[in-house]
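A short worksheet on the structure shown next.
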Amino acid sequence: PNVQSRIQGVKETLDGTSWKEIGGGVSPADCGDDVEIALDLMQQLAVHRSSEGHVDAIIPVGGWPMYNEIKWREFVNDHRHLKLIVGDSLGVQVELFNRAYVDGLVGQVPYQMGEFSIETLWKLNKKEPIHDIITGTNLLEMLRFPLDLAPRDQEMNNIGNLAIVGYLFFAVVVGVILYFTGWTAVHHRRNVRVVTASQPAFLYMILAGILVFASALIPLTVDDQEGRYSKKGADIACMCYPWLICLGFTTAISALFTKVWRLNRLFKSAQRMRRVIIRPQDVLGPFFALLTANVIVLTCWTVLDPLTYQRVDGEGTDHWNRVISSHGKCKSESSAPYLYILVGINLAVLVLANIQAYAARKIHTEFSESYYIGILMVACLQAIMVAIPVLFLVQGNPRALYLVQSVLIFIASMSFLLLMFLPKVLFLRNLRREERKKREKDEQLQGREDPDDIPGEVTSSEHPGNGEGGNAPEGRKGERMQRQNSLRA
């Protein structure tokens, strides 16, 4: 009856709290007052797994498993994650408590029980009245943790003001994209050779892809900081990030891949003295194929196992075994397969684009566009090979991870834009400067060719040194034409 009362008291105390007793007939477990059986049952409960989860705490209502001090210490060392509250408070239990091998003891006070028993027997012997048939005694509670804990000071490791870095990077990329978009549109309308030869459709495709790619900087700044975003908003941002990265990269890299592929195909057909016509729909095939593959994988990921924003406990606890540090992370139960497939698809296209760029290394095109595409392809491949280990190393530091990702996205975006558009802008600027200089020089030469400004010109009808006056004008005209030709030279 005593043991049953203890069990009932534990259940009534835990009723209505967040703690839940495991079902399936596992709890309570009867050891029959046997120390070895009690330790075996503790081992079974410690490793128990079910649909309800794992065991976080065990409450033996008697001190039986602690009576074997050596095996109890071994059990605690093997299962440090367990919370252990044990009934009784004998000497061996108090000693183990003082050495932090149990979180709490709830026991009787045997000396007080003995005192009350002797007093009751003395009164019965003296025929003195006894008021209480059952005399209760106090309980001894020994706890490693106070019942009222001080507020926890936990470091949340939110991005905080570092979000400004992402916003600034995105603003710079958008400004550059708007400038190059306007520059391309104006010179395409004017039918400028440097733009028309580079295929404006491909240039617009690169600009659109980089805009989507750089937009991934925005969801990177979203976390669960109080007062900024809701949990639902953070979950949406988690899934937006891979969508923006993959679709933006796919659009930009497909434009470069198809451009180099078309160049190689035209060059090979010219070597074979064959005429080949490549239509826009022919070069857009790889883009749509790659885009479709990415969309299918991303859609399955979003529907079946979407990323959600979750808190991950960091290392270290306070004096009461409470977590003192945590950070937010986008996680799902089985995101690895989707991530590996996406990386494999896009990395394969990048490798193929590098192969095409290598094949076109000796092809000299107008404005050296193939040269800059080749540099960009190699730079992208090197950046990915360096980024993977760096991102792996900073996984445990959320702020460092955010900065590394932001810098990588910014550098990749600016590399695409500057290598594909800046040489064209500089070429056109230098060309106009040369044309302006040539125009000014021609205007100076035309001014010097005016007959009124040529020194030593004789305008009379007779030439002193010519014996035949009738032929003097023709002689002067021939001399003037010869002088003008020498000036032009």
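The numbers here are math on the coordinates, done by the rules we state, and not lab data. Quantities reported herein were computed from a predicted structural model and do not represent experimental measurements. As a convention, Cβ positions derive from the backbone with ideal geometry for all residues, glycine included, and neighbour counts pool all protein chains shown.
Brief remarks follow.
- For a modelled paramagnetic label at K231, 7 Å from Cα along Cα-to-Cβ, no residue of region 376-405 is in reach, as no backbone nitrogen comes under 17 Å.
- Taking θ as phi - 60° and the Karplus parameters 6.51, -1.76 and 1.60, the scalar couplings of region 403-414 work out to 5, 4, 4, 5, 5, 5, 5, 5, 5, 4, 5, 5 Hz in sequence order, x denoting glycine and proline.
- Exceeding the 32 Å Cα-Cα cut-off - candidates K20/K71; K11/K71; K231/K259; K259/K437; K259/K441: K231/K259; K259/K437; K259/K441
- Whole-angstrom gap from region 302-324 to region 420-445, using each part's C-alpha centre: 61
- Per-residue HN-Hα couplings for region 6-13 [Karplus 6.51, -1.76, 1.60; θ = phi - 60°; Hz; x = Gly/Pro]: 5, 4, 5, x, 5, 5, 5, 5
- Each peptide in 155-166, 10-21 was scored by the mean count of other Cβ atoms within 10 Å over its residues; highest first, the order is 155-166, 10-21.
- Sequence-distant contacts, meaning Cα pairs under 8 Å at least 6 residues apart, place the relative contact order of region 29-69 at 44 percent.
- Cα→Cβ-extended label distance, 7 Å offset, between D30 and I130, nm: 3.1
- Applied to region 325-341, the Karplus parametrisation 6.51 cos²θ - 1.76 cosθ + 1.60 on θ = phi - 60° returns per-residue 3J(HN,Hα) values of 8, 8, 8, x, 8, 7, 9, 8, 5, 9, 7, 4, x, 5, 5, 5, 5 Hz, with x for Gly and Pro.
- Cα-centred dipole magnitude for region 297-426, charges only on beta-carbon of K, R (+1) and D, E (-1), debye, nearest 20: 200
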